[in-house]
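Enquirer: Starting off with a structure, shown below.
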Amino acid sequence: MPHPQLKTRPARVTTPPASPRRSVTAVCRDVLAGITLASVNIPQVLGYTRIAGMPAVTGLYTVLLPPLAFALLGSSKHLVVAADSATAAILASALAPLAAPGSPQYVQMVSVVALLCAAFLLVGRLFRLGFLADFLSRTVLAGFLAGVGIQVSVTMLPEMLGIATASRNPVVILFEMLKNVTHLHELTAGIALLTVLSLVAGRRFLPRVPVPLLVVVASIIASRVLYLGSQGVATIGPVAGGLPDIHLPFIGWDKTVVLLPAAASCVFVIIAQSIATSRSFAGVFHEKTDANADILGLSAANLAAAVSGTFTVNGSPTQTAMAVRSGARSQLAQVTFAAVAFGVLLFLTGPLEYLPRCVLSAVVFLVAVDMIDVRTIRAIRPESPGEFRLALVTAAAVVGIGVQQGIFLAIALSLFRHVRHSYEPHTTVLRQEQDSRGFEADPVAPGEETEPGLLIYRFSADLFYANCIRFEADITTLIDHAPDPVRCIVVDASAMTDIDYSAAEALRGLLSGLKDRGISVWFGRVSPYLMADMTRHRITTVLEPQHFFPTLHKAVNAARAVINGTHQPPLPPPPSVG
């Protein structure tokens, strides 16, 4: 028995340290996963430069410093941060009208957008705006990514077929391709078709083999040996080797302001896509993530992208899935990926000049097609037709209007759908179940009543300026068409947590009118938050505080006592002394 003056401490549970063999195995597994990730994704990040309109070497820059910055500050063990097709498409859509893609001015503007994204994300971290990821629902995100997939895949077709087009709008591109189909370059189209078939077959039959890397290497050798460039097959041309020039991009305040909408569009996609990816893979491994820490890591990654002369980076769902599939369980895999990119920049950029553009376009084409998740979009339709239509509208907007406009439309439609649910909430009349203390609900309709002289009305939303008219109209309809004269109304306020100024003013007028008609009103299931709003908005000056109850049954019993004539009015407060 312990001494009475001594405090006993609870037993301390400690996790046994990992054995050295287990640690070495985990390190080797992550390093191998990083090498595999690099072998598959280096061709993709080179392809993303085609989407963004940037020099090919900048694709390698996106996987050099940015992944290291995120690995240092982010919380996710699995999120792979690199170039991404969605943000690359936003950049191309927004900046192509301002400067020639690939020009020095264009490259500077792209780096400034990355710098703005870093600043916006830092502000998001300071104000803990990780919740912004929730404003893009999975439905809208699926539609947005499908739209980007359609746009990017159509944009890649001219280079795959060797047809020259002047537009970047997918609809116009398809029209111009049909118009100029006789000018198709047969050798270019054949190489692109062979590339697509090889990549599809590799996915199906050799999923663990870095088929994209093998295809790229084979195409470089074939281009060099067979002199494909002299036969009309376009290649990417000389690629600058060496490490990036570290500098802070600057183009002047006036030009920077013009880039703010593009940066804002990228930030919404970065937060929504990265946080959603981080959360989903954390759930697979039963881990916790800190959305705000990940936003800080993404801010640092985009700052690293800006100062190294490349474009905006993002948490990539496809590359993260590829890393996990390869066995990655920590950010060491992404550090290894950066080390491989470092080696390529120093020693292997020379052969890249022989890489046919149609091969890169074919790689990006398949990546874009993978973004069109038909299975998910089809699964939405039977469960929620409204959300299915919202996904289709978002996809169509991205394809027809543009990626930047599409993301803002997607956010606006998501918020509109939410407001519409609050504007048109479910409203019901509750009726006591026989031999039970529970209630059954019927939709509000003329002639509905709970019992002679009593209405129990449920309004399933917060009361605000837009839906208070619905509240008043329902009460009026039920009273005017009740089979028996209504003497008491009980409002089930379980779904109400807030009431704004306009709704409070309308409610005071309604309660005063009902009092003049001899109808008493009672509120049940009133939360402390709603009661504070009622008091602040002076509703308790029209309706006595004794008419508000924390439970519905007490409010109903009080109303029935009035109808039965057994209700005792509250005593007036004692007169003040002096």
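The values are calculated or read from the model by the stated rules, or taken from the named source; none is laboratory data. The structure displayed is predicted, hence computed values, not measured ones. When we count neighbours, we look across all protein chains shown, and the Cβ atoms used for this are built from the backbone with ideal geometry, even at glycine. The area values use the complete protein model at the heavy-atom level, side chains included, leaving out ligands, DNA and RNA. Shrake-Rupley method; radii C 1.70, N 1.55, O 1.52, S 1.80 Å.
Enquirer: R0 = 22 Å: FRET efficiency of Gln434 with Glu472, Cβ-based, nearest 0.05? Please report the intermediate quantities before stating the final value.
Expert: Values: r = 32 Å, r/R0 = 1.44.
Here the calculated transfer efficiency is 0.10.
Enquirer: Tell me, in nm to one decimal, what length is gained between Arg389 and Asp480 on full extension, where the rule is 0.36 nm per residue of separation less the Cα-Cα distance? Mind dumping the intermediate values first?
Expert: Values: separation 91, 0.36 × 91 = 32.76 nm, distance 3.83 nm.
This chain segment gains 28.9 nm when fully extended.
Enquirer: With an 8 Å cut-off on Cα pairs and a minimum separation of 6 or more residues, tell me the relative contact order of the chain in percent.
Expert: Working: 975 pairs, mean separation 124.4, N = 578.
Rounded, it is 22 percent for the chain.
Enquirer: In Å², and per residue, what accessible area does the chain have when probed at 1.4 Å with the other protein chains present? If you can, show how the numbers build up before the last one.
Expert: Numbers: 28580 Å² over 578 residues.
It amounts to 49 Å² per residue over the chain.
Enquirer: When each pair of different Cα atoms in the range 211-326 is counted once in the 1/r mean, what is the Kirkwood radius in angstroms, to one decimal?
Expert: Details: mean 1/r = 0.0557 Å⁻¹.
Its Kirkwood hydrodynamic radius stands at 18.0 Å.
Enquirer: Here's something else I'd like to know. Grab the eigenvalues of the alpha-carbon gyration tensor for the chain, scale each by 5, take roots, and send me the semi-axes largest first in whole angstrom. Could you put the intermediate results ahead of the total?
Expert: Values: eigenvalues 721, 184, 97 Å².
In descending order the semi-axes read 60, 30, 22 Å.
Enquirer: Determine one quarter of the surface area of the Cα convex hull of the range 264-320, which equals its mean projected area, and express it in nm² to one decimal.
Expert: On the way: hull surface 16.2 nm².
Value for the range 264-320: 4.1 nm².
Enquirer: Let me ask something else. Can you tell me the relative contact order of the range 21-167? Whole percent, Cα pairs under 8 Å, sequence separation 6 or more. Before the final figure, lay out the partial values.
Expert: Working: 74 pairs, mean separation 26.8, N = 147.
Computed over the range 21-167, the figure is 18 percent.
Enquirer: Would you mind putting 32-45, 223-236, 517-530, 300-313 in packing order, based on average other-beta-carbon counts within 10 Å, highest first? Intermediate values should be presented prior to the final figure.
Expert: Values: 32-45: 23.4, 223-236: 15.0, 517-530: 17.9, 300-313: 27.5.
Final packing ranking: 300-313, 32-45, 517-530, 223-236.
Enquirer: Cα extents of the range 442-492 along the three principal axes, largest first, in whole Å?
Expert: Between the extreme Cα coordinates on each principal axis of the range 442-492 lie 31, 19, 18 Å.
Enquirer: Only residues of the range 387-430 count here: report those whose backbone N is under 19 Å from the spot 7 Å along Cα→Cβ of Glu451, or say none.
Expert: 429-430
Enquirer: Still on this structure: Heavy-atom accessible area of Asp373 with all protein chains present, probe 1.4 Å, nearest 10 Å²?
Expert: Counting only protein heavy atoms, the figure is 70 Å².
Enquirer: Using a 1.4 angstrom probe on heavy atoms only, work out the carbon and sulfur share of the accessible area of the chain in %.
Expert: Working: 18000 of 28580 Å².
Roughly 63 percent of what the probe reaches on the chain is carbon or sulfur.
Enquirer: Another question, then. Need one value: the accessible area of His185 in square angstrom, 1.4 angstrom probe, rounded to the nearest 10.
Expert: Counting only protein heavy atoms, the figure is 50 Å².
Enquirer: If DNA, RNA and ligands are ignored and the probe is 1.4 Å, what is the ranking of Arg487, Arg325, Arg470 by accessible area, most exposed first?
Expert: Numbers: Arg487 105, Arg325 160, Arg470 80 Å².
Order by accessible area, largest first: Arg325, Arg487, Arg470.
Enquirer: How are the Cα pair distances of the range 287-371 distributed, in percent, across 10 Å bins from 0?
Expert: Bin by bin from 0 Å, the calculated values are 13, 34, 43, 9, 1.
Enquirer: Provide the FRET efficiency to the nearest 0.05 for the Arg224-Asn180 pair, computing r from the beta carbons and using R0 = 30 Å. Each step should come with its number before you reach the end.
Expert: Values: r = 30 Å, r/R0 = 0.98.
Using R0 = 30 Å, I get an efficiency of 0.50.
Enquirer: Ok, one more. Considering just Cα atoms, how many Å³ per residue does the convex hull of the range 102-246 enclose? If you can, show how the numbers build up before the last one.
Expert: Details: hull volume 30.3 nm³, N = 145.
So the per-residue hull volume is 209 Å³.
Enquirer: Same structure again: With no solvent and one equal point scatterer per Cα, compute the Debye intensity ratio I(q)/I(0) for the range 262-413 at 0.10, 0.16, 0.17, 0.20 Å⁻¹ and report its log10, rounded to two decimals.
Expert: -0.49, -1.25, -1.38, -1.58
Enquirer: Ordering Glu287, Glu186 by accessible area with a probe of 1.4 Å, largest first, what comes out?
Expert: Working: Glu287 60, Glu186 150 Å².
In descending accessible area the options line up as Glu186, Glu287.
Enquirer: Students sometimes get this wrong: rank Arg125, Arg381 by accessible area, probe 1.4 Å, all chains present, largest first.
Expert: Result of the area sort, largest leading: Arg381, Arg125.
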